[in-house]
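**Q** This is the structure I have questions about; it appears just below.
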Amino acid sequence: MDEDQRHQFEEFVQVVEPGLRRALVSVYGFERGREATAEALAWSWEHWEKARTLDHPIAYLVRVGQSKSRSRKVPVTFDRAEQPESSFEPSLGPSLASLTERQRMAVVLVHGFGWTLREVADLMEIKVTSVQTHLERGLRNLRAMMEVSDHA
Amino acid sequence: MPDLSERIRDLIDAGAPPVTAEEVIDASPIAQGDGRYRKWPRGRRVGAYAGVIAAAAVILAVVDLQITPSKISTGVPPAAAASVLDDAANRAGSAKPLVPGPGQFLYVRTLVSSTQGEGRGQGRGRAGLYWFDVQEINEVWSSPAAKGTTRWELVGGPKFISGTDRAMWMAEGSPQIISGGNFGGAATYYDVSHLPTQESKIAAFIAKQPALPGDSLPASRFITAAGFIENGASSQQRAALLRYMATIPGVKLAGTATAVGTHRSGTVLAVAMSPETSVQVILDRSRSEVVELRYVVVGIPSGTGPRSPLAADLGQYAFKMGEVRSYVDFLFAGLADSSGAVPNHAPPVPASWPLGTMHDPEPGSLYP
C-alpha cells in the first residue's frame, strides 16, 4: 500500500466508520460491536481496490462485520463500568440490551441517529413498514422497561 | 434531562469509541510487509496455514463420512433429564473454583466452529459473499480486575458450504481464505466467586445475568449455566448448576452423542432456542463436565431455498434436519499468571484438528 492509498483509506474510514460502528454496536453491544467494526474496516483495508468501489459501503460492511461475528453466544451489553460518573440513567443500557436485535437497531439508528426508515430497511433487507413496526415496538418496550426500572 | 434520542446517541458513542484508520492499518498483516499472514495483535488472526490445507482436504474426506445427524429425543420425559443431571451433580468431585488472584487471569480454551463469509462486495448483501466453515482454537484470558484478551487460531482448514460458494471464490481469483473475526474478541469474565453452591440460590443468580440475544429465555439460561460450568465453577457449584439446569422449562434428555471437534462422548441435554434450533449440551456425567455446546437444526422454515448464497438472512441458509450448525468444545480451564500466558499444566494443543463435521459436503465444496 502506498501513501496515496493510505490517505484514501483514512478518508474512507472517516466517512464510513461512525455509521458502521453505530449499526454494529446496536446489534452486538459495545465490545463486540466495536470489534465487528474493526473487522469490517480491516476487510476494507485488505480488499481496498474492491472496497473503494462499493456502492453502499456501510450496508455492505455491516454485513461483513456480521459475517465475522461468531456464532458463540455472548451477552449484548451496554455497560459503562469505566465511567461511573456517567450522567445516564443506569436503566438505559440494560433496557436497550433486552430489545430484540431488530428493535434495537431501529431504535438506535432511527431514533438515536436520525437514519431514515429507508436506510435502515436497506441495511436489514426488510420492508420499510417492518422497520416502522420494529421501531414502534422497540420504543414502546424501551420506555416501559425504563419506567419500570426507574420506579423499582 | 436530555430526551431519549440524545441519551441513546450519547450512550452508543461514548460506550464504543471510534475505530481509527491507523488502528486498522497497524493491525493489518499487510502492514507487516513480507506478504505472509501473521497473527494479529490481540489475536487478530491466524497465520499462514496453507501447509495444513492439503492434509486437511484429505482428512475432511474421511471425517465427513462419519457424520451422524444429531438424535433428538422427543419421547423422553423431563424427569429423565433431571435424573441424569442429578447423577452428574452427585459425581462432582472436589475441585475448587477458579478465581484469579492478584495479577492472575482465568484461562479457558475451547474449540469453536463458525460459518463465515467473504467476498468482493459487488452486489448487495449475501449475493457478494461466499461462505465457508472454519474451526478455531479460542483462548480467553479474563479477570475481574483487568481487561482480558482472547486469541483465535484457525485449525483444520476451511470448507466451503457448497459448490456454489467455491465457484464464487474461484471467480474472484481464488484468494487465500483467512480466518475472520479475530479482532481480539470479547473476554467475558464469568465471576464464579459469587456463584452460589446451593441449588435454591442458583436460579436467582442466573436470572440476574444478561440475557443472550435472539434466544428463548430457557435457552439463554441453559447456555449461561453451561458457561459457568465451563468457566471455573467449583465441583459444588457445578452440582448446583446441573441441578438448576434440570429445572429450566423444556430441558430434555436427548440420548448420547460424540462431540464434533474433540470426539468425546456424553449424555445430551437439549432445550429449544427457536422453532428451528435446539441448544444442546453434551455432558460427561462422570466428571460433571460440559464437553460440547452445540446448536442443532430441528426445523426448517418453509420456503427456505438451497444453501448459500440464497439464504433468507445473512449467514442463515438452509440446513438439513439434525445437522449441527455450530459448536463449542471445551478443552481446558485453569489460572494463568498473566494475560497471554498459558498455565503450565495445560495440555499442548494438537498440531492440527480435523475440521468439524457440521455439514454434509457438497460436490466441489472442498478447499482449495
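The values are calculated or read from the model by the stated rules, or taken from the named source; none is laboratory data. Every value quoted in this text rests on a predicted model; they were computed, and no experiment measured them. For neighbour counting, all protein chains shown are included, and Cβ atoms are generated from backbone atoms with ideal geometry for every residue, glycine included.
**Q** How many of the residues in segment B:232-262 are within 14 Å of another protein chain (Cβ to nearest Cβ) and surrounded by fewer than 24 Cβ atoms within 10 Å (Cβ to Cβ)?
**A** Here the count works out to 0.
**Q** So, one more: State all residues of segment A:103-127 that are more than 10 Å from chain B (Cβ to nearest Cβ) and modelled with pLDDT of 85 or more; if no residue qualifies, say none.
**A** Those that are more than 10 Å from chain B (Cβ to nearest Cβ) and modelled with pLDDT of 85 or more: A:GLN103, A:MET105, A:ALA106, A:TRP115, A:THR116, A:LEU117, A:ARG118, A:GLU119, A:VAL120, A:ALA121.
**Q** Need the failing condition index for B:TYR317 against (1) among the aromatic types (Phe, Trp, Tyr); (2) surrounded by fewer than 19 Cβ atoms within 10 Å (Cβ to Cβ); (3) at pLDDT below 85, just the number.
**A** (2)
**Q** If you don't mind, there's one more thing I want to ask. Could we say that A:LEU41 is modelled with pLDDT of 85 or more, of a type outside the set (D, E, K, R) and in the same structural domain as A:ALA144 (by TED's automatic domain parsing) here?
**A** no
**Q** Shifting gears a bit: Scan segment B:163-175 and give yes if some residue there is in contact with a strand residue (DSSP E or B) (Cβ under 7 Å, 6 or more places away or on another chain) and either at pLDDT below 75 or within 12 Å of chain A (Cβ to nearest Cβ) (or both), otherwise no.
**A** Within segment B:163-175, none of the residues are in contact with a strand residue (DSSP E or B) (Cβ under 7 Å, 6 or more places away or on another chain) and either at pLDDT below 75 or within 12 Å of chain A (Cβ to nearest Cβ) (or both).
**Q** Going residue by residue through segment B:139-147, is there one that turns out to be within 18 Å of A:GLU39 (Cβ to Cβ) and modelled with pLDDT of 85 or more?
**A** Yes, segment B:139-147 contains a residue that is within 18 Å of A:GLU39 (Cβ to Cβ) and modelled with pLDDT of 85 or more.
**Q** Exactly one condition in (1) outside any strand (DSSP E or B); (2) modelled with pLDDT of 50 or more; (3) touching a Leu at 6+ places or on another chain (Cβ under 7 Å) is not met by B:VAL290; state its number.
**A** Only one criterion is unmet by B:VAL290, namely (1).
**Q** Report yes if some residue within segment B:229-238 is acidic (Asp, Glu), over 26 Å from A:THR100 (Cβ atoms), modelled with pLDDT of 80 or more and under 17 Å from the mean Cα position of the chain (by Cα); otherwise report no.
**A** Yes - at least one qualifying residue is present in segment B:229-238.
**Q** Would you mention how many residues in segment A:7-28 are touching a residue at least 24 places away in the same chain (Cβ under 8 Å) and under 8 Å from the mean Cα position of the chain (by Cα)?
**A** 9
**Q** Could we say that A:GLU3 is facing chain B (nearest Cβ under 7 Å) and either without any contact (Cβ under 8 Å) to a residue 40 or more places away in the chain or of a type in the set (Asp, Glu) (or both) here?
**A** Against the criterion (facing chain B (nearest Cβ under 7 Å) and either without any contact (Cβ under 8 Å) to a residue 40 or more places away in the chain or of a type in the set (Asp, Glu) (or both)), A:GLU3 does not qualify.
**Q** When segment B:11-27 is examined, which residues are found to be surrounded by 18 or more Cβ atoms within 10 Å (Cβ to Cβ) and in contact with an Asp or Glu (Cβ under 9 Å, 6 or more places away or on another chain)?
**A** Within segment B:11-27, B:GLY15, B:ALA16, B:VAL19, B:ALA21, B:ILE25 meet the criteria.
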